[in-house]
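The structure appears right after this line, and notes come after that.
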Amino acid sequence: MNDGATDSGRKGASQDGVVLLHGISRTARSFRKMQKALEGSGFATLNQDYASRRKALEQLAEDIHPAIEGFAAGIEGSIHFVGHSMGTIVCQHIAVNEPRLVRSLALFGPLLAPPDPARQAMRERAAKARAEGMAGIADAIVQSATSGDTKASNPVAVALVRELLMRQDAEGYARTCEALAAAEAADVRRIACPVLLVTGDEDGVASPSNARAMAEQISGARVVVLNRCGHWATLERAAECSAALKEFLAGRA
């Protein structure tokens, strides 16, 4: 696997597929461990880098549609979508606008759309990234978005979060921040597929209370809260996230 678009290539008749859409880190590497776990369980995967080239984040669903359609054409099973943070918003728009494509949604650090204070914070982060580069913002993001336990006992996850941030082009990251700041919520009441919402008990971006409020708008949605976990759940609690996802998908074939 590489840092760009990653298609498992192990497609076969009746095989289910999983599309993984990362967050504002703008790198598919944030899902690498989960991708390996899924492939080990027999799923085909599409784990693709993408970035916002437009002002409206929800239009990312249109930008990546050809890749998803090509992936879907290569298998005869269902397509499940997994998102993290910003990617959860993109997943929701796909589920609302292209329901035929989506067998289920598993959303880690789920967001409907940023609240107003967070929108302003994202604009300020974009300005700082342009002025100081990624080195000017990376450490503060790592500190605020990971749990105390992760910082104390999981230095590998902390280092990886920082690396994912530092590898970004500052201008591209700033544009994505601005797109997220302008994001509109999908009408999630129209989502009819099974939905899993996973967040950390120390997630200050997608708090457990917000995840539960989101679940109230989606018929049958299930919420899982991970202990001693921040916003980077797929890295901070990789094994637990993969286990929760595989359990969820087991009944969706």
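What follows is calculated from the coordinates using simple rules that are stated; it is not laboratory data. This one's a predicted model, so the numbers in the text were calculated from it and none came from an experiment. Positions of Cβ are backbone-derived with ideal geometry, glycine not excepted, and every protein chain shown enters the neighbour counts.
Quick look at the values:
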quantity: Length gained when the stretch residue 217-residue 76 is fully extended (0.36 nm per residue, less Cα-Cα span); calculated: 47.7 nm
quantity: Radius of gyration, Dmax [the chain; alpha carbons; angstrom]; calculated: 16.8, 51
quantity: Residue-span extension gain [residue 156 to residue 97] - 0.36 nm each, minus C-alpha spacing; calculated: 17.4 nm
quantity: Pairwise Lys count, the chain - Cα closer than 19 Å, eight or more residues apart or different chains; calculated: 5
quantity: For the stretch 165-179, 3J(HN,Hα) per residue [Karplus equation, 6.51 cos²θ - 1.76 cosθ + 1.60, θ = phi - 60°, Hz, x = Gly/Pro]; calculated: 5, 5, 6, 7, 6, 4, 5, x, 5, 4, 4, 5, 4, 5, 5
quantity: Distance between modelled label sites at residue 171 and residue 36, nm, 7 Å Cα→Cβ extension; calculated: 3.5
quantity: D_trans [Stokes-Einstein, Kirkwood Rh over alpha-carbon pairs] for the stretch 92-139, 25 °C, 0.890 mPa s, µm² s⁻¹; calculated: 182
quantity: Efficiency of FRET from Cβ geometry, residue 250 and residue 127, R₀ 30 Å, rounded to 0.05; calculated: 0.10
quantity: Rel. contact order, % - alpha carbon contacts under 8 angstrom, at least six apart, the chain; calculated: 22
quantity: Of every Cα-Cα pair in the stretch 59-145, the percent that sits beyond 17 Å; calculated: 60
quantity: Contour excess over end-to-end distance, with Cα ends at residue 139 and residue 63 and 0.36 nm allotted per residue; calculated: 24.3 nm
quantity: Percent antiparallel among DSSP beta bridges (both partners in the chain, rounded to 5); calculated: 10
